[in-house]
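One structure below.
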Amino acid sequence: STASWLSPPTVSADERTICARQVTRELWALVAATGATKWTVADPDSPFKGFGVGSLLIPLRVLMVTGARVRELDTLGMVMVEGLDHAPGLSEPVITPTGTIYLQDVHSFGLYAYAAVNQQLWRRASTNSRWPQYGGPALASGGVLYTATQDGFYALDVGSAGSSLRWRFPGNTRDSLTFTGAPLIGHDGTVYSFT
């Protein structure tokens with residue numbers, strides 16, 4: 001059956017391939033022009049849910065978010081690298097032009113940076129998302145990462161060595177406001193989210 005698609009589709013840079021996840025927790029790669037199946041790969045972490053979490057297509061590889069890890073696949077759907085095991089609840093990843101991968105989880109160490117899916121660079125505590133199916137962090141030019149968390153909305157300066165706080169909303173750290181909307185960065189630099 002091709003019903004019950006659970007993640008936003010992701011289109012490759014060359015616009016030839018679309019990836020989407022189905023209720024069976026399989027990742028499907030489809031030919032964009034025809035909808036024909038190129039390949040499928042099962043989520044090894046089933047029955048954990050990866051609802052709403054899309055994959056990331058980058059030249060020569062696909063990053064598949066499973067129930068509890070990120071897998072790196074080649075463009076034929078073969079697993080190249082198995083990511084580090086997390087508790088269930090990972091967001092969609094975002095990747096820099098140099099290949100650093102950022103993602104969030106719903107647990108205490110919310111934000112992670114990876115040089116590769118199996119090579120953690122750092123993690124930042126207390127930036128966990130409320131629900132991973134609402135999306136992950138967003139990366140702006142200049143290495144600014146925006147992230148919606150359970151206690152506020154953060155703008156972080158990020159790099160391979162770690163992160164530092166640029167600003168947080170609400171500004172007073174004693175105040176808490178849960179943001180659930182994945183950040184969207186407009187052309188003019190305005191950042192959008194919702195609570």
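The values are calculated or read from the model by the stated rules, or taken from the named source; none is laboratory data. Note that the structure is predicted; figures quoted are calculated from it, not measured. All Cβ positions, glycine included, derive from the backbone under ideal geometry; neighbour counts span all protein chains shown. Surface areas here come from the heavy atoms of the whole protein model, side chains and all, with no ligands, DNA or RNA. Shrake-Rupley method; radii C 1.70, N 1.55, O 1.52, S 1.80 Å.
Values for this structure:
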quantity	calculated
Options 129, 118, 185, ranked by Cα towards positive dipole end of the chain, top entry (Cβ charges)	129
Rounded if a/c under 1.5, otherwise prolate or oblate - the chain, Cα gyration tensor axes	prolate
Accessible area of the chain belonging to carbon and sulfur atoms, whole % at 1.4 Å probe	54
Theoretical FRET efficiency, 1/(1+(r/R0)^6), r = Cβ-Cβ of residue 107 and residue 76, R0 30 Å, to 0.05	0.35
Rounded accessible area per residue of the stretch 101-195, 1.4 Å, Å²	49
